[in-house]
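See below for the structure under consideration.
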Amino acid sequence: MMTYLYNEEINGGFVVAGQKMLGVLKGLIISYLITIILLFAVAVVVYKVGISDTVLSGLITAVYIFATFLGGFVTGKKVQEKKFVWGALFGFTYILIAVALSAIVGGAEAGTLVPRITKCVMCVAGGMLGAMLA
């Protein structure tokens, strides 16, 4: 007789939530790979062409939104229900990690709270939209 460690009636909810978190993790990995590739391309353009700070800021924001949209899409494909919630969670996690890395590497900048909040909202919305369209 085989003994099962998993009892669907007791632990089913935990396993499903764990699988959904793996979807978020997969989305994060893919979105950060896309972010690295696109930011490298932006750096090459800046080096070769020399663009203004305003255009550079817009390009970086566009990279963040595009990456969160694609990561949210991957997350939405994985979770299959309540996609907007999981997409928003993905977008929030993405920007939380990005802001933490930015603070560690570059230090905090004074006077940039409103643009950062706007970027946060855009990333959460990008992840949510990507997940809903999955």
_Residue, surrounded by the most Cβ atoms within 10 Å (Cβ to Cβ), within segment 57-81, restricted to residues that are within 9 Å of the chain's Cα centre (by Cα) and β-branched (Val, Ile, Thr)_ = Thr68
_Residue under evaluation Ile51, criteria (1) under 24 Å from Met132 (Cα atoms); (2) not in a helix (DSSP H, G or I); (3) not acidic (Asp, Glu), criterion not met_ = (1)
*Test Ile30 against the criterion of being farther than 17 Å from Ala125 by Cα and modelled with pLDDT of 90 or more, and give yes or no.*
yes
*Report, ordered by the first and then the second residue, all pairs with beta carbons closer than 7 Å, sequence separation of six or more or different chains, a first member in segment 43-56 that is touching a residue at least 12 places away in the same chain (Cβ under 8 Å) and surrounded by 10 or more Cβ atoms within 10 Å (Cβ to Cβ), and a second member that is among the polar types (S, T, N, Q) and outside any helix (DSSP H, G or I).*
none
*Given (1) part of a loop (DSSP other than H, G, I, E, B); (2) under 15 Å from the mean Cα position of the chain (by Cα); (3) of a type outside the set (Val, Ile, Thr), where does Phe84 come up short, assuming only one miss?*
(1)
*Test: Gly87 is among the small types (Gly, Ala, Ser) and touching a helix residue (DSSP H, G or I) at 6+ places or on another chain (Cβ under 9 Å)*: yes
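The values are calculated or read from the model by the stated rules, or taken from the named source; none is laboratory data. As the structure is a prediction and not an experimental result, all values here were calculated from the model. Ideal geometry is used to build each Cβ from the backbone, glycine not excepted, and the neighbour counts take in all protein chains shown.
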